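Below is one structure, written out as structure tokens, with a few remarks after it.
Values in this text are rule-based calculations from the coordinates and carry no lab data. Every value quoted in this text rests on a predicted model; they were computed, and no experiment measured them. All Cβ positions, even for glycine, are placed from backbone atoms using ideal geometry, and neighbour counts span all protein chains on display.
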Amino acid sequence: MLKKSDRLRKRLDFKRTYKRGKTVKNRFFVLYYAPNNSGTRQIGFSVSKKIGKAVVRNRVKRKLREACRLNLELFPVGYNYIFIARSPLQYAKFDEIEKMTKVTLFDLKLK
């Protein structure tokens, strides 16, 4: 589980990240990222009801959180990140999710 200091939880922070942020898209998720001016990284997750019922949504969030926790050092510091799940994510294996997270973060560092 991510530490409290690494979690994005406040509605205002989510809104600010959506409004000022840039996006990276792939098959499994959309990643919004924006500078947070605090020198920390904070990560939030959003899974729509379109993905499935509560059990499915929670499983998707757990997989995404774990992929992020294992690769926390790849996230550049000083940004807020929001992962928005897309429907193919519910059928993906954890290895695929982790690989896509790494690839997306590597592309992010190049920009």
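When the stretch 62-92 is filtered for residues that are out of contact with any helix residue (DSSP H, G or I) (no Cβ under 8 Å at 6 or more places or on another chain) and either under 17 Å from residue 36 (Cα atoms) or assigned to a loop (DSSP other than H, G, I, E, B) (or both), the ones remaining, listed by number, are 77, 78, 79, 86. Picking from residues in the stretch 1-31 that are of a type in the set (A, V, I, L, M) and closer than 20 Å to residue 101 by Cβ, the one that is nearest to the chain's Cα centre (by Cα) is 31. Cβ-Cβ distances below 8 Å connect the following pairs, each with a first residue in the stretch 72-96 that is closer than 18 Å to residue 4 by Cα and touching a residue at least 24 places away in the same chain (Cβ under 8 Å), a second residue that is among the small types (Gly, Ala, Ser) and in a loop (DSSP other than H, G, I, E, B), and a separation of six or more residues or different chains: 77/39; 78/38; 78/39; 80/21; 82/21.
Within the stretch 67-100, how many residues turn out to be out of contact with any Leu (no Cβ under 8 Å at 6 or more places or on another chain) and buried (at least 16 other Cβ atoms within 10 Å of the Cβ)?
Counting residues in the stretch 67-100 that are out of contact with any Leu (no Cβ under 8 Å at 6 or more places or on another chain) and buried (at least 16 other Cβ atoms within 10 Å of the Cβ) gives 7.
Taken together, the residues in the stretch 1-37 that are among the aromatic types (Phe, Trp, Tyr) and without any contact (Cβ under 8 Å) to a residue 60 or more places away in the chain amount to 1.
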